[in-house]
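The values are calculated or read from the model by the stated rules, or taken from the named source; none is laboratory data. The shown structure was predicted, so the numbers you read here are calculated from the model rather than taken from an experiment. Note: ideal-geometry Cβ built from the backbone for every residue, glycine included; neighbour counts use all protein chains shown.
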Amino acid sequence: MLTEQEFRRAAEQYLDMVYRIALNWFRCPADADDAVQETMLRLWRSETDFQNEDHLRRWLVRVTLNECRRISRHPWRKRTVPLEECPPPVFRDPAQSSLFQEVMALPSNYRLPLYLHYYEGYSAAEVGGTAGSQDLYSPDALGTGQSEAENTAGGGMNHERLIQRDL
């Protein structure tokens with residue numbers, strides 16, 4: 001179990017990562033905020049004895065994805081109609097904004113593996129293990145996601161742009 005000081009340090013260090021993963025899942029800041037809040041609450045209540053920073057980081061990624069799935073399954077999500085489109089995040093660099101739009105246009109089974117690989121630094125094998133679904137987030141899905149991204153961008157998407165971690 002984390003002490004208050006350890007929790008604060010973990011929250012300060014990983015809150016942005018958790019938010020970006022949730023935003024990639026939902027594409028809506030309000031829903032991402034809900035997932036982040038639940039993830040941080042689970043961290044606070046967790047009895048897990050984290051062995052190291054990597055263990056904590058992987059736990060947070062898995063819990064975030066599980067919370068996103070759980071929230072997505074709520075009946076109220078199926079019975080509502082969005083009143084307005086969520087505004088996209090604002091980027092300092094127009095190229096980053098363009099890249100974000102290209103990646104967000106992909107289906108989630110391609111979008112999330114690309115995000116975890118390029119922005120969070122997970123290997124293709126780790127993406128499959130961390131996400132909890134070997135089929136959906138396999139190295140093959142990562143490769144297919146890269147191909148889909150290139151096709152969506154008309155062949156103009158390059159991997160150097162993906163590797164920039166300014167999202």
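Quick look at the values:
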| item | result |
| --- | --- |
| A11 vs. criteria under 20 Å from L114 (Cα atoms), assigned to a helix (DSSP H, G or I) and among the hydrophobic types (A, V, I, L, M, F, W, C) | no |
| Yes/no for D166 being at pLDDT below 75, more than 16 Å from the chain's Cα centre (by Cα) and either in a loop (DSSP other than H, G, I, E, B) or of a type outside the set (A, V, I, L, M) (or both) | no |
| Considering residues of the stretch 78-97 that are in a helix (DSSP H, G or I) and farther than 17 Å from N24 by Cα only, the residue modelled with the lowest pLDDT | K78 |
| Some residue of the stretch 66-73 being surrounded by 14 or more Cβ atoms within 10 Å (Cβ to Cβ), modelled with pLDDT of 95 or more and of a type in the set (S, T, N, Q) | yes |
| Residue count for the stretch 30-40, restricted to those that are touching a residue at least 24 places away in the same chain (Cβ under 8 Å) and over 14 Å from S72 (Cα atoms) | 2 |
| Residue match in the stretch 100-113 (condition: closer than 30 Å to E6 by Cα, at pLDDT below 85 and not basic (K, R)) | yes |
